[in-house]
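We did not get these values from a lab; they are worked out from the coordinates using the rules stated. Predicted, not measured: the structure shown is a model, and the values here were computed from it. When we count neighbours, we look across all protein chains shown, and the Cβ atoms used for this are built from the backbone with ideal geometry, even at glycine.
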Amino acid sequence: MRLLIVNGNTTEAVTQTVMEVARAAAAPDTQISGVTASFGAAFITSRSEAAIAEHATLAALAEHYQDFDAALIAVSLDTGLRAARAALPIPVVGMTEAALYTACMLGGQFGLVTFNHHCTSLYRERVEINGLLGRLAGIHTIDADFAKVYSDSKAYESRIIEGAHALIHGQGAEVIVLCGAQTAGVTGRIQDRVPVPMLDGVVCGTLQAEAMARLRAAKPTTGSYSALTSAQLSSISHGLKSLLGRGRS
């Protein structure tokens, strides 16, 4: 099984970290490759940056998906997920979507630990889009710059643990989802200091992508997730234009 991981921001080091965590979680026969967005934000922290990253993610997928059985979008806002899922002939998984649904299978209510207050509403919207607001105990946001968290994630471990405990003891969370591709691998280091399951979106997304590839579900030929689009496309990459025109007869 061949898995493509797409990082929708432009920080190559994050892509490498995500691939290391994914390879540790994946089955021995799963081959993992990664690609980093060629344009956009170094770290996605706003709605406008997320909108740019949707284009960058789709463009990267269009250029590289052909040799793979599934794709994982390694951006915690699941940037471009639904458009990619409609356009590509292979399963596409979002890391946070995978973690949220996994949380529902491990407990009742879940809590999110996130970074940067500017993004708190965006994460709440991710939960709502997935129809899970009723399962959300709360969101604990650590006021920290994404780049600083990535460059020294160990320095933030105590604050992540404090946030998890606040959600557990103060808001009744029974599972914790740690958001952010830049924190891939952190939950494995701190799980023994948190009394409920802590989920890493990269791990959940990798395992879900493997399952979806092996499921071999049929691609829709009607509805909003079928691969149809307008033929009137201009000033986009050749790969993206070919992908978006693939479903036209």
I want to check the label-to-label distance for Ala24 and Arg214. Put each point 7 Å from Cα in the C-beta direction and report it in nm to one decimal. 2.2
Tell me which aspartates and glutamates have Cα within less than 18 Å of Lys154's Cα, excluding those fewer than 8 residues away on the same chain? Glu20, Asp143, Asp145, Glu162, Asp192, Asp200
Set the Förster radius R0 to 25 Å, insert the Cβ-Cβ distance between Ser158 and His117 as r into 1/(1 + (r/R0)^6), and round the FRET efficiency to 0.05. 0.85
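What number, in percent, do you get for the relative contact order of the chain if the mean sequence gap of Cα pairs under 8 Å and at least 6 apart is divided by its residue count? Before the final figure, lay out the partial values.
On the way: 486 pairs, mean separation 55.3, N = 249.
After rounding, I find 22 percent.
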Computed Rg/Rh of segment 97-201, alpha carbon atoms with Kirkwood Rh: 0.92
Cα→Cβ-extended label distance, 7 Å offset, between Phe39 and Cys104, nm: 3.6
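Hey, fewest Cβ within 10 Å first, where do Glu54, Glu162, Glu49 land in order? Intermediate values should be presented prior to the final figure.
Values: Glu54 21, Glu162 13, Glu49 17.
By the 10 Å Cβ count, ascending, the order reads Glu162, Glu49, Glu54.
What is the gain in length, in nm to one decimal, between Ala51 and Asp145 on full extension, counting 0.36 nm per residue of separation less the C-alpha to C-alpha distance? Let's see the in-between values first.
Numbers: separation 94, 0.36 × 94 = 33.84 nm, distance 1.96 nm.
Extra length available between Ala51 and Asp145 comes to 31.9 nm.
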The Kirkwood hydrodynamic radius of segment 1-116, taken as the inverse of the mean 1/r over all distinct Cα pairs, in Å, comes to 14.5
Excluding same-chain residues fewer than 8 positions from Lys241, which aspartates and glutamates have a Cα within less than 19 Å of its Cα? Glu54, Glu63, Asp67
Are there chymotrypsin sites (Phe, Trp or Tyr not before Pro) in segment 135-181 that DSSP marks as loop and that have at most 10 other Cβ atoms within 10 Å, and which are they? none
Cleavage-rule hits, trypsin sites (Lys or Arg not before Pro), segment 154-238, DSSP coil, Cβ neighbours within 10 Å at most 15: Arg216
What whole-number distance in Å separates the alpha-carbon centres of segment 72-128 and segment 132-190? 14
Segment 1-51 versus segment 208-224: alpha-carbon centroid distance in Å: 21
I'd like the Karplus ³J(HN,Hα) series for segment 183-196: coefficients 6.51, -1.76, 1.60, θ = phi - 60°, whole numbers in Hz, and an x wherever there's a Gly or Pro. 9, 3, x, 5, 4, x, 7, 10, 3, 5, 10, 10, x, 10
Quote the charge dipole size of the chain about the Cα centre in Debye, to the nearest 20; the model charges only the Cβ of Lys and Arg (+1) and of Asp and Glu (-1). 620
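When only Cα pairs under 8 Å and 6 or more residues apart are kept, what is the percent relative contact order across segment 97-201?
Details: 172 pairs, mean separation 36.8, N = 105.
Averaging sequence separation for qualifying contacts and normalising by length gives 35 percent for segment 97-201.
Using the crude model of +1 on Lys and Arg Cβ and -1 on Asp and Glu Cβ, and no other charge, please compute the dipole size for segment 106-248 relative to its Cα centre, in debye to 20. Please report the intermediate quantities before stating the final value.
Details: 14 positive and 11 negative charges, 156 e Å.
My answer is approximately 740 debye.
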